[in-house]
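The values are calculated or read from the model by the stated rules, or taken from the named source; none is laboratory data. Quick caveat: nothing in here was measured; it's all calculated off a predicted structure. All Cβ positions, glycine included, derive from the backbone under ideal geometry; neighbour counts span all protein chains shown.
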Amino acid sequence: MARKTHFVGFAAIAATVSITFASTAISGANAQQGVEDEIQEISQPVTNETVPLFVSEEVVQPLPPVTTPENSAEAATAVSVPAASNLRELVRNTDAGYELSREMECLAGTVYFEARGEPLSGQLAVAQVVINRAESDVFPSSYCSVVHQRSQFSFIKNGRMPRISRSSAAWKKAKAIARIAHEGHWESEVRDALYFHAKYVSPKWRHRKTARATINTHIFYR
């Protein structure tokens, strides 16, 4: 886990008399005042000629907001937080029909392959670990680079993610969980965890980490 405005000014002056300037150098504000005085003189009712008026105010045309990485892609799909009293209700109320960017595909794919059999809190926890890693200084800085980092996630085979059953309810939930985690709509109990493993394995590194939470079959660490 910038704006510019253009100004356009124009003026048209028609006169049939010769004008002699008293000085050879006139600066911005003074020059405008002199022109307005001249217009007043030639607009006296001594002739039926129509004299065009000087437009002294700027014509401002607001430009549309500039698209930046922060407000494009996933941010462009962001909506207000759906009303929900629990995570299950929030998942149900979250639109999972959005088109995935590559980064969100990596995040949702990790939830799908690592935790689709886990409770929703466990799925959210896995997504939070990926996000925490991307935001830390010791792991790669994007979801995809975190997920595809060598020897980190066992479901990655030969540097690729397996095929996803995109019509399944599990994938729809994974997309909703990924969006909730990415947009910060629900706080995970694993907080700042950067590691996790299944209960049935005992990696040596676990003794050097601080346990944050145990959710069903996964233990999460900082």
Legend entry - Every residue from the stretch 66-87 that is modelled with pLDDT of 65 or more and loosely packed, with under 13 Cβ neighbours inside 10 Å: Ser80, Ala83, Ser85, Asn86
Inset, instruction - Taking only the stretch 110-137 into account, find how many residues are touching a strand residue (DSSP E or B) at 6+ places or on another chain (Cβ under 8 Å) and within 11 Å of Asp192 (Cα to Cα). - result: 2
Inset, instruction - With respect to Ala198, determine if the residue is among the small types (Gly, Ala, Ser) and touching a Ser or Thr at 6+ places or on another chain (Cβ under 6 Å). - result: yes
Legend entry - Cβ pairs under 7 Å, 6+ apart, first in the stretch 173-202 and under 21 Å from Glu103 (Cβ atoms), second modelled with pLDDT under 95 and assigned to a helix (DSSP H, G or I): His182/Glu74
